[in-house]
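The values are calculated or read from the model by the stated rules, or taken from the named source; none is laboratory data. These numbers come from a predicted model, not from an experiment. In this analysis, Cβ positions are derived from the backbone assuming ideal geometry, glycine residues included, and neighbour counts consider all displayed protein chains. The accessibility values were calculated without ligands, DNA or RNA, using every heavy atom of the protein model including side chains. Shrake-Rupley method; radii C 1.70, N 1.55, O 1.52, S 1.80 Å.
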Amino acid sequence: MESPVLITGASQRLGLAMAQNLLEQGHHVVVTYRTHRSSIALLKDKGATVIQADFSTEAAIDRAIDEIKAISKTYRGVIHNASDWAQEKAHTNKQGLMERMMMIHAVAPYRINLALEEALCNCEKQADIIHMTDYVQETGSEKHMAYAASKAALHNLTLSFAKKLSPHVKVNSVAPALLMFNEGDDEAYRKKALKKSLLEIVPGAQEAVKAMNYLFDSDYITGQTLHLNGGRHLK
């Protein structure tokens with residue numbers, strides 16, 4: 001059997017779109033999810049192996065790593081997409097908030113990458129790790145300070161793992177700005193958000209799918225960040 005691709009946080013939005021695309025290409029896909037949604041059953045029906053995993057505690061990360069390693073001795077790739085977009089105003093325990101953000105966005109990818117080093121390096125072809133970071137890794141965020149800091153940490157891990165796992169594994173980041181609206185976003189917010197980028201569009205989850213495939217297909221890109229922001233950094 002072909003070495004699988006692991007995608008964390010694949011029950012919705014970008015992670016779901018990437019998982020569906022890889023399944024359509026004929027890849028064996030292993031997905032993790034925190035909250036069960038109908039999409040998980042659909043992915044399973046299409047051949048995905050599914051794992052329930054909450055990466056907010058050390059014990060939960062340990063359990064997930066054991067399950068992931070038991071599925072296959074080699075992996076074609078890992079896409080770290082699991083995320084929690086928490087903001088300071090919703091949390092009185094700021095210490096706990098920072099610890100949770102760092103655990104999900106930095107500690108879990110760090111631990112999983114280390115645990116799968118041999119599985120990735122022994123893959124039948126050059127393997128890939130993709131860290132889904134965020135536009136705010138370089139700008140910061142007043143409303144999501146802990147989140148932004150943890151995504152910046154994940155970006156730095158891209159650089160470190162690119163060095164550590166070369167030449168067998170390419171390690172890159174994808175840093176999206178706004179790719180999708182949420183169902184509850186009102187028209188006023190949507191119009192304001194569109195003006196934040198030069199291209200003034202919200203392209204949808206397929207933009208992340210294109211980035212994933214570009215990095216997987218490349219033979220010569222590692223330690224880089226692919227920015228998906230529509231020119232937002234120039235506004």
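The distance from the alpha carbon centre of segment 149-222 to that of segment 44-102 is 18 Å, rounded to a whole number. Counting every C-alpha pair in the chain, the share spaced more than 27 angstrom apart comes to 31%.
Give the longest segment of the chain that steers clear of GluC sites (Glu not before Pro) in DSSP loops with at most 13 neighbouring Cβ atoms within 10 Å, not counting the sites themselves. Display every interim value, and only then the final one.
On the way: sites that count: E2, E124, E142, E183, E200.
Result for the longest clean stretch: 3-123.
How large is log10 of I(q)/I(0) for segment 167-235 at q = 0.16, 0.18, 0.19, 0.26 Å⁻¹ when the intensity is taken from the Debye formula with one equal scatterer per alpha-carbon? With no solvent term, the Cα-only Debye profile gives -0.62, -0.73, -0.79, -1.14.
Which residues make up the longest stretch of the chain clear of chymotrypsin sites (Phe, Trp or Tyr not before Pro) that lie in a DSSP loop with no more than 15 other Cβ atoms within 10 Å, not counting the sites?
That would be 86-180.
With protein chains left intact and a 1.4 Å probe, residues in the chain average 51 Å² of accessible area per residue. Here segment 1-117 yields Rg over Rh of 0.99, to two decimals, using C-alpha coordinates and the Kirkwood radius. Within straight-line reach of K192, meaning a Cα separation under 19 Å, sit the following aspartates and glutamates at least 8 residues removed in sequence or on another chain: E142, E183, E200. Among the lysines of segment 1-124, pairs at least eight places apart or on separate chains and with Cα atoms under 26 Å apart come to 4.
Scaled against 2.2 N^0.38 Å for its residue count N, the alpha carbon radius of gyration of segment 125-191 is 1.41.
Ligands, DNA and RNA left out, the 1.4 Å accessible surface of the chain is 51% carbon and sulfur atoms.
Among H105, H27, H91, the largest mean-square fluctuation in a Gaussian network model of the chain (Cα springs under 10 Å) belongs to H91.
Net charge dipole, segment 72-182: roughly 140 debye, given to the nearest 20, about the Cα centre with Cβ charges of +1 for Lys and Arg and -1 for Asp and Glu. When the chain is treated as a GNM with alpha-carbon contacts under 10 Å, the residue of A148, A48, A70 showing the greatest mean-square fluctuation is A70. Where both bridge residues fall in segment 35-177, DSSP classifies roughly 0% of the beta bridges as antiparallel.
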